[in-house]
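For reference, the structure discussed in these notes is given below.
The values are calculated or read from the model by the stated rules, or taken from the named source; none is laboratory data. Everything numeric here is computed off the predicted structure, so don't read it as measured data. Please note: Cβ atoms are built from the backbone with ideal geometry, for glycine as well, and neighbour counts cover all protein chains shown. For accessibility, only protein heavy atoms count, side chains too; no ligands or nucleic acids. Shrake-Rupley method; radii C 1.70, N 1.55, O 1.52, S 1.80 Å.
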Amino acid sequence: MLKILKKMSLVVALIAFSTGAMAQDTIKMGALATLEGAFAALGEDSLRGVQMALAEFGNSAGGKNIELITGSSDASPDSAIRAARKLVEQDGIQVLVGPLSGSEGLAIKDYAKTQPNVTFLNGSSAAQDTTLRESAENFFRFSTEGAQWMAGLGEYAYNEKGYRTVAVLAEDYSFPYTQVFGFLEPFCRLGGKAPLDARFWVPIGNKDYSSVIAALPDDVDAIYVALGGADAINFLTQYEQAGGDAPLIAGSITVDQSVLGSKGPTRKFVVGTPSAGPISDTWDNPNWNAFVAAYQEQFPDGFPSPSLFAHAYYINTKAALLGLEAVGGDLSDGGAALRAALSALEFDTPTGMVKLDERRNAIADIFLTEVIEGPDGNLVNKTISVTKGVSQTFGLPYEEFLKYGQVSRENPSCE
Amino acid sequence: MRRFIEQHTFWSIVILLFAVILLWLIFAVWPQWLIEIFGRKKTFVNTLLNGLTLGGLYFLVASGFTLIFGLMRNVNLAHGSMYLLGAYIGYEVADTTGSWFLGLAIAFVVVALSGMLMQTLVFRRMEGDDIRQTLVTIAISIIVADLMLAIWTGTTYQFTPPDWLFGAAQLPVVSTIRSSGDAVYIKYPIYRLAVFFAAVAVGAALWLFLNRTKIGMMIRAGVNDRDMLSASGVNVQLVFVLVFGIGAGLAGFAGVVGGTALSISPGEDVRYLLASLIVVIVGGLGSVPGAAIGALLIGLAEQFGLAYFPTYGVVVTFLIMVIVLAVRPQGLMGSSWSRQ
C-alpha cells in the first residue's frame, strides 16, 4: 500500500512539474477534423497535413514548443462546436486549426466570436459565408473556399466540352451550395441551363444512390456531381453498376485523392472527368513535388498523393506557425499581435503565393483539372490550366458581389 | 387463404386491387398523363426495385437482431458493430485470397464465433438484467468501433464482386416506346437483384429452421416461455449461444453483402443499427416475419423518399415508425408478449 502511495505521489509530482514547465515555453494548438462518419478518411488525411507542417517547423515556433491536441467531429455543426469547446475551454488551447466541413465552418466562425482571445484558423471548410458575411475578427481562412475552387470550370464545361444543359447532384449543406454556385454562375451566364427540377440534394452520409441515379434526367449533356468522401465513392460505383453513361463534371472533392485513392476496384470510367480545385496532383512545380515527396515519405500508408484536405490543413497550420514565429511565440496579449501578423502574412505554399483579403479569406491560385490514369495505374488529376490569384468576390468589389445573394439550392436559378 | 378471404372479404378486394394496379404500373407502358403526375416510368420501377433490394439487405441485418431479442430479451446494441466487423473481415479475406465467396463464408463464421463468445463471456453473467446488458452492448459497440477505426482507418473500402455479379441486366419490363417503335427495356444492376434473392433465401432458410427442426422448436418454445423450456430438460444456455451465434453471423454475412452493394466505412455500424431498430420497431420485436415486413416497408420508404423528395426523404421512414407506434405499439407482427 505504502509503495503504491509513493508511486502515485511521484506521478503527481511529475505531472505538476511538467505542467509548470509547459506554461512557460509551450503553446497549445488544437486541430479539429472529422474523424467520424462519412468524412472520416478525409479527416485522417487532414491531420496528416497538420503533422507535415509541424514536422517542417520541428514542432516549435518562435522559440516555443507546440503541443498538439486533436479533436474530432462528424461533419455536423453541433459536433464541431462540442469538440471546439472542449479544446478551448477544457484543454486551454490558444490556436485552433479546423474544422473540415462547410457547415462546421459556419458554426465555428460564430463560436469564434465568443472567444476573442483564441485565434482560429480554418481547416478545409469551404462554405462561402464563413468569411463573406458577418465574418469573425479572429477567424482566418488561408485555404480558399468552394466557389473559388470552381474558378474556370463553368467556362470550360460550356466552351471546351460544349455542354449546354446539366443536372446537379450534391449533398444538402452549405459547402455544395457554394460549389454549385461557383460552377453554375459562369456556366449560366454563358447561356447554360440547369433546371431546378434536375437538381438533387441528398443528405450527407447517404449510401444508396440507386434511386437518385434512376431519377436523373436523360436529356442533359452532363451531370455536375458535388459529393465527398464515402458519399462520392458510393455514387460512382453505383452509377457505373447502373450502366450510367452521361459524362460527369465533378466538384472539388468528388474526384480528389480521398476518393480516387480509396480501397477497392478502380473507377476507370471517371477518366476524363473535368474538375477544379485548390490542388492538382500532377502539377509540375518544384514546391508541389517536394510537398508530395514529403507526404509520401512521412505517411507510407496514406493516399497515393496528398488530398485537398491535407493541403488545406497544411497551409493553415503553416500560416499559424509562421504567425507565431513573427511574434516570437508571444501570446501574452491574448493573441492580438498574432492576429495582426496573420492578417499581413503572405507566404509561398506548394500551390503558389497566398495572402488574405480584408475579410481574412485567402486569395490564391486555382487549378482546372481532368482525371487521367497515372503511370502506375493510380487515377490522378492532370492540370489543364491555372487561374492566378482567385479572390472570393471573383475580382468584383465587395458590395457588388453581395448582389449575387446568398448561396442556396436555387442560386443561381439558371432559368 | 380461403378462410382469410371469407373472413375479410373487403380487405381481400382492396389487396387484390392494389396488386393489380402495381402490376399494371410495372408492366404497362405509361400514358402521358401518368408520366406528368409521377415522372418517368424508369424512375418508378427502378425505385421500386431499389426499395425491395434495400429491404432485403435490412432484413439480413434485422433478422439476427430480432431473433436475439425474441429469445433473450437482449437489445443487442452492438449488432451494428457485428455488421461492420463482418464487412472488414470479409474484405481482408476476399482481398488476400481473391475469392469473394470465401470472404462471405469466413465473415459469417468469425462474427458468429465472436457473438457466441460475447454471449458466454459477457451476457451470461448478467442474465435477466436487461438494462445492464443493453448498457454493456453500447460499451462494446463504442470500443469495437474505435478498434476498427485503429485497424482499418477511416478509408472507404469496396469489395470487388465476382464478374458475373457485376454490371446491369436487362429486365423484361418496357420503360418507354421510342418514336421509331423500338421498346426501351429497363436495366438493373445484377448484384442488387442477387442481394434480394439472398435475403429471400436466408428468410426461407430461417423459417424452415425455426418451424421444421427440433432446435427451431426449442427456440420458439424459449421465445414463449424460457423457464418452462429449461424445466423440460433443455439446456437453455446452449440454445442461447446458438441463437446469438446465428444472429451475429447473419449480421457479419450482411456486412459483406451490404459492403459490396454499397461500401464500408466507419459510421456504417450506427447506420445499420438504427435501420435494424426501426425495422424491428415497425415489424414487431422478436418476430422474424415482422422483420421481413418492416424491412420491406422501410426500404421502400427510404428509396421512394430519396427519389421523389430527396431533401425530406428521411422523414418518411420516421413517419412510418411514429404511425406504427401510435396505432399498434407492439409492431405490425408483434405479439403483446408479457415478461415471464
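Here is the tail figure for the range A:292-415: Cα pairs spaced more than 24 Å apart come to 49 percent of all pairs. Angle of helix B:313-327 to the longest C-alpha principal axis of chain B, folded into 0 to 90 degrees and rounded to 10: 60°. Taking amide H atoms as placed 1.01 Å from N in the peptide plane, the amide H of A:Gly251 lies under 5 Å from those of A:Val225, A:Ala226, A:Leu227, each 5 or more residues away in sequence or on another chain. Return the inverse of the average 1/r over all pairs of distinct C-alpha atoms in the range B:214-274, which is the Kirkwood hydrodynamic radius, in Å to one decimal. By the Kirkwood definition, the hydrodynamic radius is 13.6 Å. Rounded to the nearest 0.05, the FRET efficiency derived from the C-beta distance between A:Arg133 and B:Ala169 at R0 = 60 Å is 0.75.
Each stretch of four or more DSSP H residues adds -39500 (n - 2.57); spread over every residue of chain B, this sum gives -24500 deg cm²/dmol at 222 nm.
Helices of chain A meeting both criteria, an alpha-carbon length of 24 angstrom or more along the long axis and an average Kyte-Doolittle score not below -0.5, with helices taken as full DSSP H segments, are A:2-25, A:40-56, A:308-326. Averaged over the residues of A:114-124, the number of partner chain Cβ atoms lying within 10 Å of the residue Cβ comes to 0. Remark on B:Gln330: its backbone amide H falls under 5 Å from none of the residues 5 or more positions apart or on other chains, H modelled at 1.01 Å from N. With each label modelled as a point 7 angstrom along the Cα→C-beta vector, the A:Glu346-A:Ala246 pair spans 4.4 nm. With every protein chain in place and a 1.4 angstrom probe, the accessible-area ranking of B:Arg212, B:Arg271, A:Arg199, largest first, reads B:Arg212, B:Arg271, A:Arg199.
Treat the range A:89-224 as a sphere of radius equal to its Kirkwood radius over Cα pairs and apply Stokes-Einstein at 4 °C in a medium of 1.567 mPa s; give the translational diffusion coefficient in µm²/s, rounded to a whole number. The calculation lands on 78 µm²/s. A straight Cα-to-Cα reach below 15 Å connects A:Lys64 with the aspartates and glutamates A:Asp25, A:Glu56, A:Glu325, A:Asp330, residues fewer than 8 places away in its own chain not being considered. Kirkwood radius and radius of gyration were both taken over the C-alpha atoms of the range A:29-94, and their ratio Rg/Rh is 1.01.
What angle, in degrees between 0 and 90 and rounded to the nearest 10, separates the Cα long axis of helix B:190-212 from the longest principal axis of the Cα atoms of chain B? Its long axis makes an angle of about 50 degrees.
Per-residue 3J(HN,Hα) values for the range B:272-287, derived from phi via the Karplus relation 6.51 cos²θ - 1.76 cosθ + 1.60 with θ = phi - 60°, read 6, 4, 4, 4, 4, 4, 5, 4, 6, 5, 5, x, x, 4, x, 10 Hz in sequence order (x marks Gly and Pro).
Cβ-Cβ distance of B:Asp225 and B:Leu135, R₀ of 25 Å, FRET efficiency by 1/(1 + (r/R0)^6): the value works out to about 0.40.
For the range B:47-327, what ratio Rg/Rh do Cα atoms give with a Kirkwood hydrodynamic radius? Checking Rg against Rh, the ratio lands at 1.00. Each Lys or Arg adds one and each Asp or Glu takes one away; over the other residues whose Cβ falls under 14 Å from the Cβ of B:Leu117, this sums to +2. Under the simplified labelling scheme, the A:Asp219-B:Val14 pair shows an inter-label distance of 3.9 nm, with each label point 7 Å from Cα along Cα→Cβ.
Close amide H contacts of A:Lys355 (hydrogens built in the peptide plane, cut-off under 5 Å, sequence separation of 5 or more or a different chain): A:Ile363. Extent of the protein assembly as shown along its three principal axes (Cα atoms, max minus min coordinate, largest first): 92, 85, 49 Å. Placing unit charges on each Cβ (+1 for Lys and Arg, -1 for Asp and Glu) gives the range B:47-327 a dipole about its Cα centre, and among B:Gly252, B:Leu49, B:Met228 the Cα reaching farthest toward its positive end belongs to B:Met228. Taking chymotrypsin sites (Phe, Trp or Tyr not before Pro) across the range A:128-169, none is in a DSSP loop with at most 15 further Cβ atoms lying within 10 angstrom of its Cβ. When the alpha-carbon atoms of the range A:348-415 are used, the pair Rg, Dmax equals 16.4, 49 angstrom.
With a ≥ b ≥ c the root eigenvalues of the C-alpha gyration tensor of the range B:1-111, is it rounded (a/c under 1.5), prolate (a/b larger than b/c) or oblate? It comes out oblate by the Cα gyration axes. Our analysis of chain A gives Rg over Rh at 1.00, with the two radii drawn from alpha carbon positions and Rh computed by the Kirkwood formula. Do the alpha carbons of any pairs in A:Lys109/A:Lys403; A:Lys207/A:Lys263; A:Lys318/A:Lys388; A:Lys161/B:Lys187 sit beyond 26 Å of each other, and which pairs? Flagged as over cut-off: A:Lys161/B:Lys187. Considering only Cα atoms, the convex hull volume of the range A:218-290 works out to 101 Å³ per residue. Protection proxy ranking for B:151-162, A:390-401, B:242-253, A:347-358, using the average of other Cβ atoms within 10 Å per residue and placing the highest first: B:242-253, B:151-162, A:347-358, A:390-401.
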